1. For THR172, what residues show an amide H to amide H distance below 5 Å, using hydrogens built from the backbone and excluding near sequence neighbours?
2. Could you tell me whether the stretch 124-164 comes out rounded, prolate or oblate from its Cα gyration tensor? Rule is a ≥ b ≥ c as square roots of the eigenvalues, rounded for a/c under 1.5, then prolate if a/b exceeds b/c, otherwise oblate.
3. Using only protein heavy atoms and a 1.4 Å probe, report how much of GLU90 is accessible, in Å² to the nearest 10.
4. Using alpha-carbon positions, what is the distance between the centroids of the stretch 34-85 and the stretch 214-233, in Å?
5. Tabulate in residue order the Karplus-calculated ³J(HN,Hα) for the stretch 158-165, using 6.51 cos²θ - 1.76 cosθ + 1.60 with θ = phi - 60°, rounded to whole Hz; enter x for Gly and Pro.
6. Taking the Cα centre of the chain as origin and charging only Cβ (+1 Lys, Arg; -1 Asp, Glu), how large is the dipole, in debye to the nearest 20?
7. Work from the charge dipole of the chain (Cβ charges, +1 for Lys and Arg, -1 for Asp and Glu, about the Cα centre) and give the residue of SER118, ALA98, GLY52 farthest towards its positive end.
8. Rounded to the nearest 0.05, what FRET efficiency is calculated for GLN203 and ARG75 with R0 set to 41 Å and r the Cβ-Cβ distance?
Amino acid sequence: MARSAAAPSARGSATRPDGGRIIILLGPPGAGKGTQGERLAADLGIPKLATGDVLRAARRAGTPLGLEATSYLDRGELVPDSVILGIMKEALGEPAAARGVILDGAVRTVPQAEGLQSALAGLGRAVSAVLVFDVPDEELVRRISSRTICDACQTPYTGLPPGAPCPKCGGTLVRRKDDEPDAVRTRLAVYTRQTEPVIAWYQTHAVPVIHIDALGSVDDVAARVRRGLRAVE
Ligand code: AP5
């Protein structure tokens with residue numbers, strides 16, 4: 001099944017949030033959420049919450065959260081909604097989040113979208129925009145099979161082998177356990193079954209949904225992200 005690489009387009013009507021922009025990044029595994037989220041957070045000067053990074057860090061640290069998440073992570077399945085909502089609420093309560101926040105992969109089910117909406121309403125805030133990164137499956141598999149990540153700063157790389165030093169921080173590059181073929185198949189199926197319905201949920205809740213053609217260079221995709229966000233400002 002291929003995912004269409006649609007031109008940037010905005011749907012739904014814009015809702016201006018109070019207290020900084022809250023931007024959700026959606027897309028299948030390997031679509032570039034982490035790569036573009038890092039750039040966008042730096043461009044906008046706001047923090048990024050990547051739930052996958054939080055869960056992997058908790059696992060490395062051996063915390064109760066990490067122990068609970070391990071089997072879900074390795075199989076490529078979603079951790080329970082209650083766990084994710086707890087992480088999101090804690091992050092939204094941080095002083096830095098008052099300026100806005102990029103939510104990278106933090107909303108993957110309709111109950112998570114509902115829970116976030118109600119938590120934000122309690123803070124007098126709302127989601128500003130949802131960016132959906134569209135990439136065909138064959139490109140997703142190509143990216144994931146050649147990916148390593150830094151075991152310290154979590155930056156992903158393509159084409160650098162496991163064991164090499166991270167160009168950014170000097171940490172060691174490793175392969176993610178959930179980048180093995182069986183887990184990747186599960187993650188793609190989970191995205192279709194549980195996360196794609198979140199796109200329609202936001203459209204029916206009048207939140208701008210911007211589809212980004214995420215094929216091409218990282219710079220080209222970043223430029224489409226900036227154009228897409230300007231269109232709904
Ligand atoms: P997570 O870590 O978020 O994994 P994912 O969603 O599967 O996404 P990836 O990290 O694989 O890809 P990405 O889109 O960030 O792409 P990247 O920038 O790395 O989540 C892992 C697990 O945590 C989940 O399976 C689940 O178990 C759990 N979890 C997390 N959030 C949850 C939630 N809300 N609910 C329940 N469970 C949750 O790029 C991929 C590769 O491509 C990299 O090598 C990169 O260098 C390269 N690349 C990027 N852009 C380009 C480009 N334009 N051209 C060529 N290469 C590119």
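The values are calculated or read from the model by the stated rules, or taken from the named source; none is laboratory data. Note that the structure is predicted; figures quoted are calculated from it, not measured. A quick note on method: Cβ atoms are made from the backbone with ideal geometry, for glycine too, and the neighbour counts reach across all protein chains shown. Keep in mind that these areas ignore ligands, DNA and RNA; they rest on the heavy atoms of the full protein, side chains included. Shrake-Rupley method; radii C 1.70, N 1.55, O 1.52, S 1.80 Å.
1. Amide H neighbours of THR172: ASP151, ALA152, CYS166.
2. Oblate is the answer for the stretch 124-164, as a/c is 1.5 or above yet b/c matches or exceeds a/b.
3. Roll a 1.4 Å probe over it and GLU90 shows about 130 Å².
4. Answer, in whole Å: 24.
5. So the J values, rounded to whole Hz, are 10, x, 9, x, x, x, 6, x.
6. 280
7. Working it through, the farthest residue towards the positive pole turns out to be ALA98.
8. Values: r = 30 Å, r/R0 = 0.73.
Plugging the Cβ-Cβ distance into 1/(1 + (r/R0)^6) gives 0.85.
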